[in-house]
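The next block holds one structure in the form of structure tokens; read it before the comments.
Nothing in this text is a laboratory measurement; each read-out follows from the coordinates by a stated rule. Just so we're clear, the structure is a prediction, and the values are computed from it rather than from any experiment. Positions of Cβ are generated from backbone atoms using ideal geometry, with glycine treated the same way; all protein chains shown enter the neighbour counts.
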Amino acid sequence: MATGRLERLLWGMGSAVVVVYALLPVVWIVSLSLKPGADLGDQRFLPRVASLEHYAAVFHDPQFSAALWNSLGIAGLSTLAAVLLGMFAAYAIARLEFPGRRLMLAAALAIAMFPTISIVGPLFDMWRSLGLYDTWAGLILPYMTFTLPLAIWTLAAFFREIPWDLEKAARVDGATPLQAFVHVIVPLAAPGVFTAAILVFMFAWNDFLFASALTSTDHARTVPAAIAFFTGSSRFEQPTGSIAAASVVVTVPIILLVLLFQRRIVAGLTAGAIKG
Amino acid sequence: MLVVTAYPMLYALWLSLFRYDLRFPGERRFVGLENYLSVLSSETWWQALSNTLLITVASVSLELLLGFVFALVMQRALIGRRLVRTAVLVPYGIITVVAAMSWRFAFDPTTGFVNALLGLEGAWLAQSGSAFFVIIQTEVWKTTPFMALLLLAGLTLVPEDLLRAARVDGANAWQRFFRVTLPQMRPVIGVALLFRTLDAFRIFDTVFVQTRGAQGTETVSMVGYNALITRLNLGLGSAVSVLIFLCVLAIAALYLKGFGSDMSRREES
């Protein structure tokens, strides 16, 4: 089986290339963040000496700490709200035959693919008159709009796989509908709910357009917007080191999520598209 | 849920019929389709539209090719399969602004390693052609994983028996891929392309971070953003928003026409 071994070697090399390509910019930004200020322009891929000065600078910057807190809070609350509401909608879609069920899924998909810029303007105008501009709620609401469909799709795909007869069995044994739901369905649904939560969190954590358009101060500005506007003051003297360090800090949670829940994320991403 | 998107969209439609500039709020008045006329007769809009289409077509087709390579690697690799899947999720998960920054610094003539590596000089983002290259390659890096994972899921749906039968009939690997695997995967490819095209069409973050629209790289989302948020011209900006929405509808309609029969057939099965 000489060809078999050769083939395996080739696929192995292919994997190595894919891994390097996928991780290259991440390694690069880490390396950049570790270069001391004087070495930032040395054009080397790896730092000569490592220093944590940029991290110290970033964490001393009140703007960044505020942005990090805003990001965590806004993404966390959006996730919680979207997944809770999404659970009820997905439950209805998976369990009940009601007219417009398919239409609801299609509408959810359409909204997920909606051009975000199209509602930024009206929201900007409305939020200013409602006093939601530059507040947490002012970002959580649009995030929910875009993540709720994502949550519904993922959850509906997972819920369809659940053996619902177990619920009936629990009812026969004398459980109330609520008990049947809490004790039988919730444990079965938990993995799907968790997957949806991860995907929703990633979306809210990533958003830049809403964050840059609907906030103006530390009050609600999230990390992506803060990083992008680090450069705002002067085009010629960029705080490269600080940007790199801040970028690494906000990438860490994503890397952790990916490492811990790789399987779940893959399942969640493909569930909606393939089974839908 | 519908209310939260449909209402602002209708409101945008409403606003787009007014002359409404937040710097001169007193001058708000109904102007009918005048905003649309001025957008559609401006060079900025058409330039941005062709930029956006260029970025969309180039990045989505590269992603499809590369995505297939990734998907095949992920399917066949026996050693380190978990590692590959984990590594591939990193670009998917990373914040777009961060990815754009990282690539911008990499291509930067003073901080970057790319020029040193290739023995080149010159500022990539200071010229139109190379700026597009950097933007497109950032998009490809960031979103190929998504494409690859969808395609991988599609690959696992191709029946093994069919491939084995083709092999017995003497089809080589190439023929098996093009004659058996690809036709089987048509619906999945359709869905993946639709998702990615609509997503690529609204590109904003990468361009904003890398060039801010300089060197003629402005995209339609940026035109909208600049009119709405930078110049506070809600009437004109809303007209741009509505036009972008119509473009997205048109793209979706084209796809549904091309792949629609596959998609609905799959739904029924």
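For B:Y225, the shell of other residues with beta-carbons less than 14 Å away shows a net charge of 0, using +1 for Lys and Arg and -1 for Asp and Glu. Take the alpha carbon gyration tensor of the range A:10-133, find the square roots of its eigenvalues, order them as a ≥ b ≥ c, and report rounded if a/c is under 1.5; if not, report prolate when a/b exceeds b/c, else oblate. Oblate is the answer for the range A:10-133, as a/c is 1.5 or above yet b/c matches or exceeds a/b. Considering helices alone, the calculated mean residue ellipticity of chain A at 222 nm is -24500 deg cm²/dmol, with DSSP H runs of length four and up weighted by -39500 (n - 2.57) and normalised per residue.
How would you order B:197-204, A:50-57 from highest to lowest mean count of nearby Cβ atoms within 10 Å? Could you put the intermediate results ahead of the total?
Numbers: B:197-204: 21.9, A:50-57: 15.6.
Highest to lowest by the protection proxy: B:197-204, A:50-57.
Percent relative contact order of chain A, based on C-alpha pairs within less than 8 angstrom and at least six residues apart? Write out the running numbers ahead of the final one.
Working: 279 pairs, mean separation 80.8, N = 276.
Once normalised by length, the contact order is 29 percent.
Do me a favour and compute the ellipsoid semi-axes for the range A:1-51 from its Cα gyration tensor, root of five times each eigenvalue, largest one first, whole Å.
On the way: eigenvalues 270, 16, 10 Å².
The three semi-axes for the range A:1-51 are 37, 9, 7 Å.
Among the residues of A:241-252, the average count of other protein chain beta-carbon atoms within 10 Å of the residue beta-carbon is 3.
In debye, nearest 20: dipole of the protein assembly as shown around its Cα centre with unit charges on the Cβ of K, R (+) and D, E (-)? Could you put the intermediate results ahead of the total?
Values: 39 positive and 32 negative charges, 224 e Å.
The dipole magnitude comes to about 1080 debye.
Could you tell me how many cubic angstrom of Cα convex hull volume chain B has per residue? Kindly include the intermediate steps, with their values, before the conclusion.
Values: hull volume 47.7 nm³, N = 269.
Given the Cα convex hull of chain B, per-residue volume reads 177 Å³.
On the beta carbon distance between A:L9 and B:A171, with R0 = 22 Å, the FRET formula returns roughly 0.40.
Using a Gaussian network model of chain A in which every pair of alpha carbons under 10 angstrom is joined by a spring, one finds that among A:F88, A:F98, A:F158 the greatest mean-square fluctuation is at A:F98.
Classify the protein assembly as shown from the C-alpha gyration tensor, please: rounded if a/c falls under 1.5, else prolate or oblate depending on whether a/b exceeds b/c. Since a/c stays below 1.5, the shape of the protein assembly as shown is classed as rounded. Per-residue shielding of A:7-18, expressed as the average number of other chain Cβ atoms within 10 Å of the residue Cβ, stands at 6. The separation of the range B:137-160 from the range A:126-196, counted between C-alpha centres, amounts to 27 Å.
Which order, highest average first, do B:135-142, B:123-130, B:92-99, B:206-213 follow once you tally other Cβ atoms within 10 Å for each residue and take the mean per peptide? Intermediate values should be presented prior to the final figure.
Numbers: B:135-142: 23.5, B:123-130: 15.5, B:92-99: 25.0, B:206-213: 22.0.
Ranking the peptides B:135-142, B:123-130, B:92-99, B:206-213 by packing returns B:92-99, B:135-142, B:206-213, B:123-130.
Counting only aspartates and glutamates at least 8 places from B:K142 when in the same chain, those with an alpha carbon closer than 17 Å to its own are A:D207, B:E63, B:D199, B:D205. Report note on the peptides A:175-182, B:111-118: ranked by the mean count of other C-beta atoms within 10 Å, highest first, their order is B:111-118, A:175-182.
For chain A, the calculated P(r), taken from all Cα-Cα distances in 5 Å bins from zero up to the bin holding the longest distance, is 1, 5, 10, 12, 13, 13, 12, 11, 9, 6, 4, 2, 1, 0, 0 percent.
Report, in deg cm²/dmol and to the nearest 500, the calculated mean residue ellipticity at 222 nm for chain B, where each DSSP H run with n ≥ 4 adds -39500 (n - 2.57) and the sum is divided by the residue count.
Numbers: 12 runs with 185 residues, N = 269.
Rounded to the nearest 500, it is -22500 deg cm²/dmol.
Note on the range B:2-268: dipole from Cβ charges, positive end direction compared against B:L125, B:A153, B:S16; the farthest Cα belongs to B:A153.
Other chains' Cβ within 10 Å of B:103-115 residues: what's the mean?
Values: counts 4, 4, 10, 6, 0, 5, 2, 6, 11, 5, 8, 3, 1.
Counting other chains' Cβ atoms within 10 Å and averaging over B:103-115 gives 5.
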